[in-house]
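The block underneath contains the structure these notes are about, expressed in structure tokens.
The values are calculated or read from the model by the stated rules, or taken from the named source; none is laboratory data. Quick caveat: nothing in here was measured; it's all calculated off a predicted structure. FYI the Cβ positions are ideal-geometry reconstructions off the backbone, even for glycines, and counts take in every protein chain you see. For accessibility, only protein heavy atoms count, side chains too; no ligands or nucleic acids. Shrake-Rupley method; radii C 1.70, N 1.55, O 1.52, S 1.80 Å.
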Amino acid sequence: MRSLGALLLLAAMALAVWYARPVPAEAVALVHVIDGDSLSVKRDGLPLTIRLTGLDAVEYRQDCARADGGRWPCGHEARAALARIAGRGPLFCALTAKDKYDRTLAACRTRPEPDGADLSGEMVRLGWAVATDDAYLPGEGEAQLARRGIWQGDFDRPADWRAAHERAATAVGAITADR
């Protein structure tokens, strides 16, 4: 009975390792940076929109407050930061699923792993995004303590900002439709 239990445990561990294998990274050509967490690339010559995983960057049209209360275009600066990190490409991305906007979800690096910068990790560490993956929480804490990027003052979390602005756009559309 012990042998059977050990065999079953070994089989379960083998299956767990098999399914936990990392998705292999593909080299993709960077076309342009859309915002702080989205990129346009070419894969096999075809256009592809990528949404980086593990973070939520401030939206391109979003602004933030500095410590002195002044407003600044943090969304524009987040996009510029991702463009600096990504460089000219190519990028090496582990492509996974699609999101509800038909973007391909991916973890991307500037060079094949283990080299190069992890785009999501750097955006969080430099303070241009909040972590949505526990692996990036130490980087978020570092950015917060150093008051880098969006952490230099007050800001709406990107999900909250999107929710508030989607409602406003929907309300304007409803008023226009009634006329």
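Structural remarks
- Ligands, DNA and RNA are left out, and with a 1.4 angstrom probe the accessible area of region 73-122 is 53 Å² per residue.
- The modelled label-to-label distance between ALA27 and ASP44, using points 7 Å beyond Cα along the C-beta direction, is 1.7 nm.
- Heavy-atom accessible surface of TYR136, to the nearest 10 Å², is about 40 Å², with a 1.4 Å probe and all protein chains retained.
- Alpha carbon centroid spacing (whole Å) that separates region 41-77 from region 98-173: 8
- Rolling a 1.4 Å probe over the protein chains gives HIS76 an accessible area of about 90 Å².
- Rounded, prolate or oblate (a/c below 1.5 giving rounded, otherwise prolate when a/b exceeds b/c) for region 87-149 by Cα gyration tensor: oblate
- Shape of region 45-179, Cα gyration tensor, a/c cut at 1.5: oblate
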